[in-house]
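To keep things clear, I will list the structure first and then write my remarks on it.
The values are calculated or read from the model by the stated rules, or taken from the named source; none is laboratory data. Model, not experiment: these values are computed from the prediction. Note: ideal-geometry Cβ built from the backbone for every residue, glycine included; neighbour counts use all protein chains shown. Side chains included, ligands, DNA and RNA excluded: accessible areas come from the protein's heavy atoms. Shrake-Rupley method; radii C 1.70, N 1.55, O 1.52, S 1.80 Å.
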Amino acid sequence: MTDAETLADLRTAADYQFGAGAGAALFPPDDPLTVRRSSGGRPRQVIDGDVDDTPGSSEGDRLVSYGTDGRFTLGLAGGRRVHEAFAAPRHRVVVGEESEPFVREGRNAFAKFVTAADDGIRPGDEVLVVDGSDEIFGVGRAELSGAEAEALGSGVAVKTRDGNPADDD
């Protein structure tokens, strides 16, 4: 199977997981993308741009990893693409400013700092962690439903996988 055929299949899977339009947003046909495969040939990661896979070469930005369960885990670059493709509140957990520096470092987002969340979020879903102005801080896996994340006063709401470091300028 060629990379083009693989990306067509991955677009279908992304549309299923995130909603119509996610596949085209994550894997645009005109963007150079690199598909990294397991030793058995199964796609494992999709990287933004053409990447030289020789040891020591520079890395592109990881859009997604494709799990053996058929679900994607978002990288920060993939989260940005989902963020652009879907209007708020879709796929978003909104946290207060006191949580921002921690999530940017890749630490978990706790329910007591959640101010809003997409009601369609279920535990295990890939989500975007944003602030009240919809700036993306990180991506991760929801541990609570959207309603639970808003209502509960304790516990981990999102296990953050990738944080978006703040500019030091």
What pairs come up if the first residue lies in the range 19-31 and is at negative phi, the second is surrounded by fewer than 20 Cβ atoms within 10 Å (Cβ to Cβ) and among the basic types (Lys, Arg), and their beta carbons are under 9 Å apart, counting only those six or more places apart or on different chains? Ala22/Arg11; Gly23/Arg11; Ala24/Arg11; Leu26/Arg11; Phe27/Arg11; Pro29/Arg11
In the list Asp162, Asp134, Asp119, which residue meets the criterion of being part of a loop (DSSP other than H, G, I, E, B), acidic (Asp, Glu) and within 17 Å of the chain's Cα centre (by Cα)? Asp134
Residues of the range 145-169 being among the charged types (D, E, K, R) and open to solvent by less than 60 Å² (accessible area, probe 1.4 Å), which ones? Asp162
Inside the range 10-35, can you point out the residues that are modelled with pLDDT of 95 or more and farther than 17 Å from Arg80 by Cα? Leu10, Thr12, Ala13, Tyr16
Quick check, is Ala77 within 19 Å of Ala24 (Cα to Cα), small (Gly, Ala, Ser) and part of a helix (DSSP H, G or I)? yes
Take Gly60 and decide whether it is modelled with pLDDT under 95 and in contact with a strand residue (DSSP E or B) (Cβ under 7 Å, 6 or more places away or on another chain). yes
Every residue from the range 86-144 that is out of contact with any strand residue (DSSP E or B) (no Cβ under 6 Å at 6 or more places or on another chain), open to solvent by 60 Å² or more (accessible area, probe 1.4 Å) and touching a residue at least 60 places away in the same chain (Cβ under 8 Å): Arg90, Pro101
Gly75 fails exactly one of the following numbered conditions: (1) within 14 Å of Arg141 (Cβ to Cβ); (2) open to solvent by 10 Å² or more (accessible area, probe 1.4 Å). What is the number of that condition? (2)
